[in-house]
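Colleague: One structure, as structure tokens, below. Some questions next.
Quick note: the coordinates plus some simple rules give every number you see, no bench work behind them. Here the structure is a predicted model, which is why all the values come from computation and not from measurement. Reconstructed Cβ throughout: ideal geometry from the backbone, glycine too, with neighbour counts over all protein chains shown.
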Amino acid sequence: MEMSVKGDCCIVCEKVKKEGIYVLHSFICLQCEQEIVQLEPEDPAYRETVKKLRKLNMSGLLSK
Ligand SMILES: [Zn+2]
């Protein structure tokens, strides 16, 4: 029997999710990843997310 995927803790929403991507050893769930790429720089949520990503030196994920 295969080991079940237990997922990981997303660094953005801080919830354990099964689907997501790893960037520089940090996990971002699929949902947050999609939200990040759709956020407008004017959006307060964008700034909040950027702050978190900067802490992890992940701002390269953002194309804006
Ligand atoms: Zn998330």
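Colleague: Please order ILE28, ILE36 by the number of other Cβ within 10 Å, starting at the fewest.
Modeller: ILE36, ILE28
Colleague: Report the gain in length on full extension from LYS15 to GLN31: 0.36 nm times residue separation, minus Cα-Cα distance, nm rounded to one decimal.
Modeller: Working it through step by step, the gained length comes to 4.7 nm.
Colleague: Taking the Kirkwood radius as the inverse of the mean 1/r across Cα pairs, report the Rg/Rh of the stretch 1-52.
Modeller: 1.07
Colleague: In terms of modelled amide H atoms, which long-range or inter-chain residues lie less than 5 Å from the amide H of PHE27?
Modeller: ILE11
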